[in-house]
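Structure first, then comments.
The values are calculated or read from the model by the stated rules, or taken from the named source; none is laboratory data. Here the structure is a predicted model, which means the values were calculated and not measured. Because the Cβ atoms are built from the backbone with ideal geometry, glycine has one as well, and the counts that use them run over all protein chains shown. The accessibility values were calculated without ligands, DNA or RNA, using every heavy atom of the protein model including side chains. Shrake-Rupley method; radii C 1.70, N 1.55, O 1.52, S 1.80 Å.
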Amino acid sequence: MSLFFSRREQRGPFPEPPIPRPTSAWTFDRVNLAQTEASLQKVAVWSAVDLIASLVATLPVDVYEGTGSSRREVAPPRILEDPSGEGYGLGDWVYQYMMSLLLRGNTYGKTAERDRLGNPTQIVLYHPDEVQGWRDLKTGQPTWRVCGEILEAADAGDMWHQRAYTVPGRLLGLSPVQHHATTIGLGIAAARFGRQWFEDGAHPSGLLTNEQALKPEQARTAKERFMAALRGTREPVVLGQGWKFQAIQVAPEESQFLETQKYTAAECARIYGPGVPEILGYETGGSMTYANVEQRSLDLLTYSLDRWLVRTERMFSSLLPPAQFVKINRGALARTDLLTRFKAHALSLQNRWAVPNEVRDLEDMPPTAWGDDPVMEAAPTVRIGD
């Protein structure tokens, strides 16, 4: 049975609507973004994608069973210990999963192994550029081409697909890189131009002039002798009568190089959500004060990261038995300064939201014999400076 359609569900034939693209080849000024890794040449793209993928991959994952008062934490199944079965662990697999979603809007894999109930226990991920997918016009079911070969019906049932940036009527999610090729390509082109500018002469370094008319041979000889005097020495150059040298100083700002770099960096980071360019330190036109610096981690979690965490939770929960579900511990991200954290611990203990051993575990402290019971009386208030 297909992972995408049950036998009872049959979809009628329909074509997928075309999506307008900025350029047909995903290029800007000879910058080819058709390969997934190409867009990572832009530092802002790499920083934003790595930030989100790393956070999702490193936050603790817990598995629960039941609801309400019967809810309890259970041991994670095999799929959450090493999803690929290659020995690299959960974090490595989640990082690859997120990189594919963030750069291409889709993650593809093969269900290589299942348990006796049919739940996946091993999913091997494909490179996103090696997979193409579309709906069959007659049946409406997905057709997959992997590494240039169309999968047979039996193999297509083991195809595993997750998508982001979805629109109605399309099998695949939209690619952020494809739809922002102009901005990303402009940033990479500006970086290449800057390297050329400072390395090998996007502009001449100076003018060597003479009051008399020179033949081409005389000009070439004068240039060679002048350059020979400059190379490998810091001694001053002595010019004869009628010769003048004038250095050309052209500020990079005049070519809009630095401004282009700043603009494209912030725009590329903004592709992945509000708060991302700010936390990466890119200029976005607003002032940065202590108050909003303190809120940046919370803003990143609320407006940019949480949607990926929810999507990942639902993805993992769909791989588990129906009674089990996954929760990602966001508290590991919302770490604050020592005083604020201890105040939060005091409130949780006084209101019996937690027991001492739970708080000690959050602070990487060993449990105590008395730490599994709730605090019965509120601790006396301690004032700073007493």
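Odds and ends about this structure:
- Residue 382 being open to solvent by less than 50 Å² (accessible area, probe 1.4 Å) and either more than 27 Å from residue 66 (Cβ to Cβ) or modelled with pLDDT of 80 or more (or both): no
- Scanning the stretch 107-122 for residues that are in contact (Cβ under 8 Å) with a residue 60 or more places away in the chain and among the β-branched types (Val, Ile, Thr) gives a single hit, 111.
- Test: residue in the stretch 58-76 that is surrounded by 15 or more Cβ atoms within 10 Å (Cβ to Cβ), modelled with pLDDT of 75 or more, of a type in the set (A, V, I, L, M) and in a helix (DSSP H, G or I): no
- One residue stands out among those in the stretch 116-155 that are among the aromatic types (Phe, Trp, Tyr) and in contact with an Asp or Glu (Cβ under 9 Å, 6 or more places away or on another chain): the one that is modelled with the lowest pLDDT, which is 134.
Residues are listed down the side, and each one gets a yes or a no for (1) at pLDDT 75 or above; (2) open to solvent by 60 Å² or more (accessible area, probe 1.4 Å); (3) part of a helix (DSSP H, G or I):
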residue: 303; (1), (2), (3): yes, yes, yes
residue: 315; (1), (2), (3): yes, no, yes
residue: 348; (1), (2), (3): yes, no, yes
residue: 352; (1), (2), (3): yes, yes, no
residue: 366; (1), (2), (3): yes, yes, no
residue: 371; (1), (2), (3): yes, no, no
residue: 374; (1), (2), (3): yes, no, no
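- Of all the residues in the stretch 51-81, those that are in contact with a helix residue (DSSP H, G or I) (Cβ under 9 Å, 6 or more places away or on another chain) and without any contact (Cβ under 8 Å) to a residue 24 or more places away in the chain number 2.
- Hey, residue 310 out of contact with any helix residue (DSSP H, G or I) (no Cβ under 8 Å at 6 or more places or on another chain), modelled with pLDDT of 80 or more, among the β-branched types (Val, Ile, Thr) and closer than 30 Å to residue 77 by Cβ or not: yes
- Test result for residue 222, open to solvent by less than 40 Å² (accessible area, probe 1.4 Å) and at pLDDT 80 or above: no
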